Amino acid sequence: MTHSEILQYCMNKAGASQDIHSGLDATQIKVAEVLFAMVHEADGRPVVSLKTSPALAELLRDEHEDVFPSAQLNKAHWSTVHLDGELPDSQIYFLVDASYQQVIDTLPDSARQQLGS
(Lines give C-alpha, C1' and ligand atoms only; values in the text may rest on other atoms or scores of the structure.)
Protein backbone atom coordinates (compact mmCIF):
# COMPACT_ATOMS: atom_id res chain seq x y z
CA MET A 1 0.00 0.00 0.00
CA THR A 2 1.20 3.52 -0.73
CA HIS A 3 0.76 6.86 1.01
CA SER A 4 -1.57 7.94 -1.80
CA GLU A 5 -3.80 4.88 -1.40
CA ILE A 6 -4.16 5.26 2.37
CA LEU A 7 -4.74 9.03 2.07
CA GLN A 8 -7.45 8.47 -0.53
CA TYR A 9 -9.15 5.89 1.69
CA CYS A 10 -9.03 8.19 4.72
CA MET A 11 -10.27 11.21 2.80
CA ASN A 12 -13.33 9.26 1.61
CA LYS A 13 -14.60 9.22 5.21
CA ALA A 14 -17.46 11.64 5.95
CA GLY A 15 -16.12 14.97 7.21
CA ALA A 16 -12.45 14.06 6.70
CA SER A 17 -9.97 16.88 6.23
CA GLN A 18 -6.22 16.92 6.02
CA ASP A 19 -3.40 19.22 6.92
CA ILE A 20 0.34 19.03 7.15
CA HIS A 21 2.17 18.81 10.46
CA SER A 22 5.42 20.39 9.32
CA GLY A 23 7.31 19.56 12.50
CA LEU A 24 6.70 15.84 11.94
CA ASP A 25 6.65 15.96 8.12
CA ALA A 26 3.32 14.16 8.28
CA THR A 27 -0.15 14.46 6.79
CA GLN A 28 -2.78 14.53 9.50
CA ILE A 29 -6.30 13.35 8.70
CA LYS A 30 -9.00 14.66 11.00
CA VAL A 31 -12.75 14.59 11.42
CA ALA A 32 -14.32 17.55 13.23
CA GLU A 33 -10.77 18.73 13.98
CA VAL A 34 -9.94 15.46 15.81
CA LEU A 35 -7.04 13.38 14.51
CA PHE A 36 -7.83 9.82 13.39
CA ALA A 37 -4.86 9.06 11.12
CA MET A 38 -1.40 10.38 10.43
CA VAL A 39 0.48 9.37 7.28
CA HIS A 40 4.24 9.74 7.37
CA GLU A 41 7.51 7.81 7.16
CA ALA A 42 9.37 5.86 9.83
CA ASP A 43 12.89 4.68 9.14
CA GLY A 44 12.40 5.54 5.46
CA ARG A 45 9.29 3.37 5.14
CA PRO A 46 5.68 4.50 4.53
CA VAL A 47 3.51 4.26 7.64
CA VAL A 48 0.16 5.29 9.03
CA SER A 49 -0.49 5.99 12.71
CA LEU A 50 -3.99 5.07 13.90
CA LYS A 51 -5.96 5.30 17.12
CA THR A 52 -6.88 1.98 18.77
CA SER A 53 -7.97 0.75 22.14
CA PRO A 54 -5.02 -0.14 24.37
CA ALA A 55 -6.06 -3.82 24.26
CA LEU A 56 -6.14 -3.91 20.46
CA ALA A 57 -2.85 -2.03 20.26
CA GLU A 58 -1.17 -4.60 22.49
CA LEU A 59 -2.64 -7.52 20.55
CA LEU A 60 -1.57 -6.11 17.17
CA ARG A 61 1.94 -5.34 18.37
CA ASP A 62 2.32 -8.83 19.82
CA GLU A 63 1.14 -10.52 16.61
CA HIS A 64 2.65 -8.28 13.91
CA GLU A 65 6.16 -6.88 13.74
CA ASP A 66 4.87 -4.25 11.29
CA VAL A 67 2.74 -2.70 14.05
CA PHE A 68 4.52 -0.72 16.75
CA PRO A 69 3.86 2.10 19.25
CA SER A 70 3.65 5.54 17.69
CA ALA A 71 6.70 7.64 18.42
CA GLN A 72 4.85 10.97 18.18
CA LEU A 73 1.50 10.12 19.80
CA ASN A 74 0.20 8.47 22.97
CA LYS A 75 1.71 4.98 22.79
CA ALA A 76 -1.17 3.35 24.67
CA HIS A 77 -3.78 4.54 22.17
CA TRP A 78 -1.86 5.02 18.91
CA SER A 79 -0.12 2.40 16.81
CA THR A 80 1.95 2.87 13.69
CA VAL A 81 1.68 0.38 10.83
CA HIS A 82 4.16 -0.17 8.00
CA LEU A 83 2.19 0.18 4.78
CA ASP A 84 4.70 -1.95 2.87
CA GLY A 85 4.84 -4.75 5.42
CA GLU A 86 3.18 -8.10 5.99
CA LEU A 87 -0.16 -6.78 7.28
CA PRO A 88 -2.80 -7.26 4.53
CA ASP A 89 -4.34 -4.12 3.06
CA SER A 90 -7.76 -5.29 4.26
CA GLN A 91 -6.49 -5.28 7.86
CA ILE A 92 -5.05 -1.77 7.45
CA TYR A 93 -8.38 -0.54 6.04
CA PHE A 94 -10.17 -2.16 9.00
CA LEU A 95 -7.84 -0.31 11.40
CA VAL A 96 -8.53 3.00 9.61
CA ASP A 97 -12.26 2.35 9.92
CA ALA A 98 -11.90 1.53 13.61
CA SER A 99 -9.80 4.63 14.29
CA TYR A 100 -12.32 6.84 12.48
CA GLN A 101 -15.23 5.27 14.36
CA GLN A 102 -13.46 5.65 17.70
CA VAL A 103 -13.14 9.39 17.04
CA ILE A 104 -16.73 9.69 15.79
CA ASP A 105 -17.95 8.03 19.00
CA THR A 106 -16.25 10.75 21.09
CA LEU A 107 -17.80 13.67 19.20
CA PRO A 108 -20.75 15.61 20.59
CA ASP A 109 -24.14 14.60 19.16
CA SER A 110 -24.36 17.84 17.14
CA ALA A 111 -21.06 17.11 15.37
CA ARG A 112 -22.09 13.51 14.63
CA GLN A 113 -25.40 14.69 13.21
CA GLN A 114 -23.59 17.06 10.83
CA LEU A 115 -21.61 14.07 9.55
CA GLY A 116 -24.72 11.95 9.20
CA SER A 117 -23.49 9.44 11.79
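Could you calculate the FRET efficiency of residue 114 with residue 5 from 1/(1 + (r/R0)^6), where r is the beta carbon distance between them and R0 is 30 Å, rounded to 0.05? My answer for the efficiency is 0.65.
Taking 0.36 nm per residue of sequence separation and subtracting the Cα-Cα distance, how much length would be gained by fully extending the chain between residue 75 and residue 17, in nm to one decimal? Write down the numbers at each step before the final one.
Details: separation 58, 0.36 × 58 = 20.88 nm, distance 2.35 nm.
Contour length minus the Cα-Cα distance gives 18.5 nm.
Among 35, 83, 24, which one shows the biggest mean-square fluctuation in a GNM of the chain, springs joining Cα atoms closer than 10 Å? Comparing 35, 83, 24 in a Gaussian network model of the chain, the most mobile one is 24. Computed over protein heavy atoms with a 1.4 Å probe, the accessible surface of the chain works out to 53 Å² per residue. A crude spin-label estimate for the pair residue 106 and residue 55, with each label 7 Å from Cα along the Cβ direction, gives 1.8 nm.
Students sometimes get this wrong: rank 62, 109, 43 by accessible area, probe 1.4 Å, all chains present, largest first.
43, 62, 109
Name all residues of region 48-70 having a backbone nitrogen under 17 Å from the label point set 7 Å from the Cα of residue 89 along its Cα→Cβ direction, giving them as ranges. Under 17 Å, as judged by backbone N against the label point of residue 89, lie 48 of region 48-70. For the chain, adding -39500 (n - 2.57) for each run of n ≥ 4 DSSP H residues and dividing by the number of residues yields -11500 deg cm²/dmol at 222 nm. Protein heavy-atom surface of the chain, 1.4 angstrom probe: 47% of the accessible area is carbon and sulfur, with nucleic acids and ligands not counted. Cross-link partners of residue 13 among lysines, defined as those whose alpha carbon lies under 21 angstrom from its own and excluding same-chain residues fewer than eight positions apart: 30, 51.
The values are calculated or read from the model by the stated rules, or taken from the named source; none is laboratory data. Here the structure is a predicted model, which is why all the values come from computation and not from measurement. Note that we place each Cβ from the backbone using ideal geometry, even for glycine, and neighbour counts take in every protein chain shown. Please note that ligands, DNA and RNA were not included when accessible areas were found on the heavy atoms of the full protein model with its side chains. Shrake-Rupley method; radii C 1.70, N 1.55, O 1.52, S 1.80 Å.
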